[in-house]
């Protein structure tokens, strides 16, 4: 809301427009020549529709029709609000650095909402160690915090809201006399749960420009608001080595090539008034996971091996669970099942070993007591009978015999 275009204008009006207390110390220009730091004139050096004249003599009439331009907040600044109610907005500067902007949002208890506008896209999908992935309707604030079904009903009943708007004044958020309307609270963006949780929000910054983004917070419309936000400068997300997406843990752990570098975002908790970022070196449950270092592309649904005994199960770009790798089977070449004369013809020939089967033994070929399967997952055992494995000519052809359980009988493999 711009200052009046004519008539009486007071220092308290100019303070209010600049998101400061109306009673704040307000020297007009401080010094002759060019306005000094801490003066009202200096505060409006980038006002719209045009800056206030920075050169003396100064006059209150210079402020007619001016709108205060809130200063841009440097990335890494810790932002917080305790008490009050309303809508809070701040523009953050990330310079030309590329990477992932990992925002941490702490809600003390009451319902508060958050979103981040960057490059014309609103980001509002959150995750936390305790609650996992939480989504909200496009373009809305994701409302989290504690509350019951009656709290949610009360939020919905009052929507849409028109709330007092606070902007950054250089040191804190302050009211300006303006309001923000059309603020939605609906079943599609309310995700109430536990109190005192820290949430993670990832915004990809893949190019030097744009260099700024806008943090938007819907302070509890039903009462006082208490929240803390950290928006660090862009980082290269921590990486891990794994496979391309696999349809099962067996494929991921046993047959997939481990040649992909993927990325994850660590979650955090609040200690005092500071966020303590988790130190995990591999993704853990409820971490965001991505195929690139800026967080632009979420990993596809499926399984990813992360060490010799474990694989991730990913759903919707978040680690849903970590599973234990199954016992891996060994592939081998074989003929189809036959009778003895089929695998050891009297003329010394051999049938083609054109099938790939699998066994659970420790050797290259199945041996006594090993179980044999037709699939890498080990779900289908081979039928009983004789199977040719390798070798040519009489006395050099290796074969096995299986029982009805697919197990290699005692004394095999043998040669014929």
### Summary
Which of 364, 269, 171 fluctuates most in a GNM of the chain (C-alpha springs under 10 Å)? That residue is 364
### Query
Once the piece of chain linking residue 257 and residue 194 is laid out straight, how much longer is it, given 0.36 nm per residue of separation minus the C-alpha distance between them?
18.6 nm
### Message
What's the ranking of 190-196, 293-299 by average number of surrounding C-beta atoms within 10 Å, highest first?
### Response
293-299, 190-196
### Query
To the nearest 0.05, how large is the calculated FRET efficiency for residue 97 and residue 5 if R₀ is 51 Å and r is the Cβ-Cβ distance?
0.80
### Task
Rank these for me by crowding, 167, 144, going from fewest to most other beta carbons within 10 Å.
167, 144
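Residue separation times 0.36 nm, minus the C-alpha to C-alpha distance between residue 356 and residue 222: what's the value?
Answer, rounded to one decimal: 41.7 nm.
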### Query
Build a GNM of the chain with springs between Cα atoms under 10 Å: which of 305, 66, 216 gets the top mean-square fluctuation?
66
### Efficiency of FRET from Cβ geometry, residue 153 and residue 292, R₀ 45 Å, rounded to 0.05
0.65
#### Entry: Among 317-327, 240-250, the order from most to least packed when residues are scored by Cβ within 10 Å on average
240-250, 317-327
### Message
Which of 121, 251, 114, 107 has the fewest other C-beta atoms within 10 Å, and how do the rest follow up to the most?
### Response
121, 251, 114, 107
### Query
Modelled label-to-label distance, residue 207 and residue 322, 7 Å Cα→beta-carbon offset: nm?
3.8
### Task
Counting only DSSP beta bridges with both residues in the chain, tell me the antiparallel percent, nearest 5.
95
### Query
Stretched out fully, how many nm does the piece from residue 131 to residue 46 gain, at 0.36 nm a residue minus the Cα gap?
26.3 nm
### Summary
Candidates for log10 I(q)/I(0) by the Debye sum over Cα atoms at q = 0.06, 0.07, 0.12 Å⁻¹ are (i) -0.43, -0.52, -0.97; (ii) -0.29, -0.38, -0.97; (iii) -0.21, -0.29, -0.92, and the calculated one carries label (i)
#### Entry: Cut-off 19 Å (backbone N to label point 7 Å along Cα→Cβ of residue 394), residues of segment 315-354
340-351
## Note on the structure
Once both label points are put 7 Å beyond Cα along the C-beta direction, the residue 280-residue 346 separation in nm becomes 6.7
### Query
Roughly how large, in nm² to one decimal, is the mean projection of the convex hull of the alpha-carbon atoms in segment 304-416?
8.2
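Within a 10 angstrom radius of the beta carbon, how do 281, 140 rank from fewest other beta carbons to most?
281, 140
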### Message
Springs between alpha-carbon pairs under 10 angstrom, Gaussian network model over the chain: which of 351, 232, 111 fluctuates most?
### Response
351
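Indicate, rounded to the nearest 5 percent, the antiparallel portion of the DSSP beta bridges found entirely in segment 73-230.
Around 85 percent of the beta bridges assigned by DSSP in segment 73-230 are antiparallel ones.
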### Query
Once the Cβ-Cβ distance between residue 244 and residue 69 is put in as r, and R0 is 45 Å, what FRET efficiency do you end up with, to the nearest 0.05?
0.40
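None of the figures in this text is laboratory data; all of them are computed from the coordinates on show. What you see is a predicted model, and the numbers here were worked out from it, not measured in a lab. Positions of Cβ are backbone-derived with ideal geometry, glycine not excepted, and every protein chain shown enters the neighbour counts.
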